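Everything on this sheet refers to the single structure shown next.
The values are calculated or read from the model by the stated rules, or taken from the named source; none is laboratory data. Because the structure is predicted, anything quoted here is derived from the model rather than measured. Cβ: placed from backbone, ideal geometry, glycine included. Neighbour counts: every protein chain shown.
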Amino acid sequence: MKLSNDADLAALAASGALEGVDRIELDFPKFTDGRAYSQALLLRRRYRFAGDIRAMGDVLIDQLVHMYRSGFTSAVLAEGVDAAAAERQFARFSAFYQGDVNEPRPLFARQAALESA
Amino acid sequence: MYQYTDFDKQFVKLRAQQFRDQLERWERGELTDEQLLPLRLQNGWYIQRYAPMARIAVPYGEISSTQLRTLAHIAREYDKPAPELLAHAQATQDALQDAQPGATLPAPPLRYGYGHFTTRTNCQFNWIPLSRAADVMDLLASVGMHGIQTSGNDIRNITCDALEGIAADGIVDCRPFAEITRQWSSLHPEFSYLPRKFKIAFNGAAEDRAAIGWYDIGLQARLADDGSVGFTMKVGGGMGRTPVIGSVVREFLPWDQLLNYIEAVVRTYNSYGRRDNKWKARIKILVKSEGQKFIDAVEKEYKAIVELDGAPHTITQAELDRVSSHFVLPKLKPANLPAKVSPQGQLYQRWLQQNVRGHKLPGLKTVTLSFKRPGSNTGDADADTLNALAQLAEQFSAAEARLTHEQNLMLPWVHESDLPALYEAARALGLAQPNIGLLTDMIICPGGDFCSLANARSLHIGAAITERYQDLDELFDLGPIDLHMSGCINSCGHHHSGHIGILGVDKDGKEWYQITLGGADGSELSGPAIGGKVVGPSFTAAEVPDVIEALLATFRTLRKPGEFFIDALRRVGHDPFKQAANSARRPKADQESLAEQN
């Protein structure tokens, strides 16, 4: 399923249109257009979409970590992209301050949980 | 000031490492200029008129002596143009000057080797080559500094009242809330590619000294009847081409809901803000065009975050306590240095009156060092000055200082008994002009000498006004006046909020200046935030100092005893001031004959 950047996610979810969908493709018309980050996050966190969310369009390696943290699970990169450079981006930060789709708790909640454990 | 945790320190270092990796890939051609652009902006690196500009974040303006020394080192060793570049830049500026005979003012030469304090308490350098950017970021990271989100279409460096936590009229110390918000917004996965930049300011005192009405989100701390802390939240303020004052969306937002509600605002903006036109992309345009519909959408989103998403960013008391405990009250002891200054001397008394303010703690004062002085541009500090500031802060203020929104530097922990010795030391550095809040305490952007967005230069006008108003008797007689100047409509010099505003515009490749009257930043002196009104057609640079003089002469004639400029202007109305300003225009023939004489 392809969704445009102005798709009404709440209406789609309420209508049951997301049920049974394996993959949702979200568009980056330009890599600086960040609407799809919010869409991916809402699909995961609020509408509990469990299938693949794929980043399409102007997808560059320096935004992949943001995409992954917002709920994307696959991306179509341009040909000839250095895979090692892409992997380096994922290896760099061990943690972030704010929560995300994969780890909803912010750093402070994670640290507090560790301390009380 | 905030003491970094090991995680914070490591985070900043990794960010510097990431930027080095990005720059190296760009140098190898793996990233295009266009692809690098937002990445370098999100680290504070612009490409300006002649060279890159680095904007270093100083959250809440708080800076240590160690950090000041690092800035001094960067100013000395890195903020240096190659001789050919400087010669080219100066020649280009000279040509601009020569193309406007009789219509302009003497221009100070392009300077280098200094840091520039901005209205958003950042520190900028103008001449560091991109090839040395990664080294500079490593150096900064070694003292807990960075340029994270000082530019780009993201949540920018967060600001507060310069007196946050130490103000005599303080209600709540907002620094911990600002820091919690700063951490939440840093490298935010969802909000790093917004339609446009997004600025948040906090104010924790009775008086609004953070200009919160002019921010994308402005937060005023409040205490409820039961003593609990909350915030009045304004959304959609901003300057630029369309000046707008923020609308109140919540009268009292409980403190623990701060991040959840900001998330709702920013998500609504990210989803619906315009992306087709740079000039209409700020949240203020969305708020203005949608009105109550926007507020309803935010409320709906907030409700969903709380009820459906589990509100994961609800701030806990433990987290507030933890972050608050990192704003360590430094060990305070007086310097007890000898001083020869006569306590009754007029200059010293004037300095006490203008530059020294009350403090929350008994026996302490805050002292503002004035960076509005002849022979130097507003807010500029060279390497020697930065080093001297580090030492001054160590001697007199527990090794801490604060950059202010008005582009000065404040010492926050000064013992009252040390004021004479501090005055002498500041005077020796040329930083004791008793002009804080007076006409020459101007806010000025770097303008067309450096900035690629600027339509006109601003520094030569600042220099001319500074020179003309050196008589302290006259300055004190004129009383408090906010004079703000921007070199273009992007309004970095906050001209909209000046009692007198000056805006540089470009007409046929020549520099012109619009004068506005009656703007307010929201302070007690200025009254509720509002944009100034244009007096008429724009003026040449050469006319601007005469226009200022005419406005002030009108004020002197019309004022009641003890009345301030802004109050007289509001009481009398703009008309007599407009007439005075327009009478200061030079006939075209005069300008031409002046040009011949020159």
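Laid out as a table, the results:
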item	result
Single unsatisfied condition, A:V59 versus (1) surrounded by 13 or more Cβ atoms within 10 Å (Cβ to Cβ); (2) within 9 Å of another protein chain (Cβ to nearest Cβ)	(2)
In region B:311-332, residue farthest from the other protein chains (Cβ to nearest Cβ) [restricted to those that are outside any helix (DSSP H, G or I) and touching a residue at least 60 places away in the same chain (Cβ under 8 Å)]	B:L332
A:G71 vs. criteria within 8 Å of chain B (Cβ to nearest Cβ), surrounded by 15 or more Cβ atoms within 10 Å (Cβ to Cβ), closer than 21 Å to B:A264 by Cα and under 17 Å from the mean Cα position of the chain (by Cα)	no
Matching residues, region B:237-265, being among the charged types (D, E, K, R), over 26 Å from the mean Cα position of the chain (by Cα) and assigned to a helix (DSSP H, G or I)	B:D256
Any hit, region A:84-98, residues being in contact with a strand residue (DSSP E or B) (Cβ under 9 Å, 6 or more places away or on another chain), over 28 Å from B:K303 (Cα atoms) and at pLDDT 95 or above	no
Restricting region B:1-12 to residues that are assigned to a loop (DSSP other than H, G, I, E, B) and either more than 10 Å from chain A (Cβ to nearest Cβ) or basic (K, R) (or both), the residue that is surrounded by the most Cβ atoms within 10 Å (Cβ to Cβ)	B:M1
Where a residue in region B:342-368 is under 18 Å from B:L411 (Cα atoms) and its partner, wherever it lies, is acidic (D, E), with Cβ under 8 Å and at least six apart	B:G363/B:E416; B:L364/B:E416; B:K365/B:E416
Subset of region B:490-521 that is of a type outside the set (D, E, K, R) and at positive phi - its residue that is surrounded by the fewest Cβ atoms within 10 Å (Cβ to Cβ)	B:G509
Sole residue being away from chain A (no Cβ under 14 Å), of a type in the set (A, V, I, L, M), more than 30 Å from B:L320 (Cβ to Cβ) and in contact with a Lys or Arg (Cβ under 9 Å, 6 or more places away or on another chain), chosen from B:A133, B:A168, B:A162	B:A133
The listed residue being facing chain A (nearest Cβ under 7 Å) and within 28 Å of B:F177 (Cβ to Cβ), out of B:Q22, B:Q18	B:Q18
Any helices (runs of 4 or more DSSP H) falling wholly within region B:336-429 and containing at least 2 residues that are under 21 Å from B:L472 (Cα atoms) and not assigned by TED's automatic domain parsing to the domain that holds B:D449	B:346-355, B:419-428
So B:G487, is it closer than 23 Å to B:A103 by Cβ, crowded, with 24+ Cβ neighbours inside 10 Å and touching a Pro at 6+ places or on another chain (Cβ under 8 Å)	yes
Selection count where residues are more than 14 Å from B:E319 (Cα to Cα) and at the interface with chain B (Cβ under 8 Å from one of its Cβ atoms), scope region A:102-113	1
Test: B:L308 is farther than 25 Å from B:C174 by Cβ, within 14 Å of chain A (Cβ to nearest Cβ) and modelled with pLDDT of 95 or more	yes
Failed condition for B:Y193, given (1) part of a loop (DSSP other than H, G, I, E, B); (2) of a type in the set (S, T, Y); (3) surrounded by fewer than 23 Cβ atoms within 10 Å (Cβ to Cβ)	(3)
